[in-house]
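Worksheet: one structure, shown below.
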Amino acid sequence: MYSEQKRLKTDLRIFLGVVCALMVLGLIFVYSSSSVFALEKCGSAHYFVKKQCFGILLGFFALLITRFLPLSIIESCSSLFYLGALGLTALTFVPGLTLKIHGSNRWLSLGGFSFQPSELLKITLLMYLAAYLTKMTGKRNSIKSYIPFLVLFGAGCLLLLKQPDFGMTVTLALTVFLIFFIMQINTKLLLGAAALSIPVGAALIYMRSYRLKRITTFFNPWSDPQGSGFQLIQSLIAIGSGSWWGVGISNSRQKFFYLPMQHTDFIFAIIAEETGFIGALLIILLYILFLYFGMRIASKLTDPFAMIVTLGFVTMTSLQATINIAVTTGMLPTKGIGLPFISYGNSSLICSLAMIGLIMNCVAHNRNG
């Protein structure tokens, strides 16, 4: 038993080391990719990296809260946390409170501060799902037992689609499906969800012309190189320019107003341009290590809630990284999803660090249990 706990502790240290490495690289490349844009738009080349540092500081406090808050309280209040996040997400539709960026109502603006409540919705969903499945022990083959969860989950998806945030909706749905699959939930429910997702997804794409445009652009971005295909083409130019070793950190040419969202959704393209194939491969390797050691930690946890919530966060983060890199390299249509722990975005960073604190809490609870 002692050796097992020791291995779990070692896995956690490596896992935390990977997260720290991703955040350090994030600071380097947020500054490198945003410096020209920040100097032109905000008057300071350090504007975005300073805000990212502030996000890490706030995230550290969130990490401490979730690390030391009793796990039993987190589990018992998980449904309330999720309902609160649903309420905050709904507030993005209230005039005067919402901050509209790139045509989407995803941000709340309160007291001079803005944040994205869907990031909070994402992590509270994982807590709620973990607590729900823990309670369903012995009843996991009954489809009726999942109706309350599916109703609340559906409400969250509807709010996200209304904003609109199709990428986040897809990520959440895939995460829930994968957790159900790994936990060997009712096969009929999984097959039904998979079959239903095809016509629903097709209908959602057809209902919004810009989503359909993204699909056609994905297949042939050169059909509209100055319009819908511009961002992907510039991303591919950045990646191709990097060759094996890159043009050097801070020497990107695409950041000079060629590649939009160069410090958020398309930061991986700048990394590939500046550090080449070797640097891009290092980033991918770090996410593989994140997935591997995260899964090792989850498999060693004896508490069902702790195991499922760790599994959920590792799965969701790995999915986000995979989707972001696939979009940047032209293997998936544009989704508007950042690169976890690296892309600029304080809401995502704070919530992700809160989940890291919760995983640390789960490991500590396992050791003391």
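The values are calculated or read from the model by the stated rules, or taken from the named source; none is laboratory data. None of these values were measured; they are calculated from a predicted model. All Cβ positions, glycine included, derive from the backbone under ideal geometry; neighbour counts span all protein chains shown. Each accessible area value is taken on the protein alone, full model and side chains, heavy atoms only, with ligands, DNA and RNA left out. Shrake-Rupley method; radii C 1.70, N 1.55, O 1.52, S 1.80 Å.
Just one residue in the set Ile288, Ile271, Ile249 is at pLDDT 90 or above, aliphatic (A, V, I, L, M) and buried (at least 22 other Cβ atoms within 10 Å of the Cβ); that residue is Ile271. Residues satisfying the criterion are present in segment 261-283 (criterion: under 30 Å from Ala130 (Cα atoms) and outside any loop (DSSP other than H, G, I, E, B)).
Only one entry of Ile233, Ile198, Ile237 meets the criterion of being over 20 Å from Ile267 (Cα atoms) and part of a helix (DSSP H, G or I), and that entry is Ile198.
Which of the following residues is touching an Asp or Glu at 6+ places or on another chain (Cβ under 8 Å), in a helix (DSSP H, G or I) and either of a type in the set (Asp, Glu) or over 24 Å from Arg7 (Cβ atoms) (or both): Ser343, Ser347? Sole residue among the options that is touching an Asp or Glu at 6+ places or on another chain (Cβ under 8 Å), in a helix (DSSP H, G or I) and either of a type in the set (Asp, Glu) or over 24 Å from Arg7 (Cβ atoms) (or both): Ser347. Of the residues making up segment 129-183, not one is surrounded by fewer than 15 Cβ atoms within 10 Å (Cβ to Cβ) and in contact with a strand residue (DSSP E or B) (Cβ under 7 Å, 6 or more places away or on another chain).
Residues that are at positive phi and within 20 Å of the chain's Cα centre (by Cα) number at least 3 in none of the helices (runs of 4 or more DSSP H) confined to segment 1-84.
Residue check: Met307 meets all listed conditions (1) at positive phi; (2) not in a loop (DSSP other than H, G, I, E, B) but one, namely (1). Among the residues of segment 321-336, the one identified as open to solvent by less than 20 Å² (accessible area, probe 1.4 Å) and assigned to a loop (DSSP other than H, G, I, E, B) is Pro333.
Of the residues making up segment 55-63, at least one is in contact (Cβ under 8 Å) with a residue 60 or more places away in the chain, closer than 15 Å to Asn361 by Cβ and aliphatic (A, V, I, L, M). Inside segment 291-320, residues that are of a type outside the set (Ser, Thr, Tyr), crowded, with 22+ Cβ neighbours inside 10 Å and closer than 30 Å to Ile239 by Cβ make up a count of 5. Among the numbered conditions (1) surrounded by 21 or more Cβ atoms within 10 Å (Cβ to Cβ); (2) part of a helix (DSSP H, G or I); (3) modelled with pLDDT of 95 or more, the only one that Met360 does not meet is (1).
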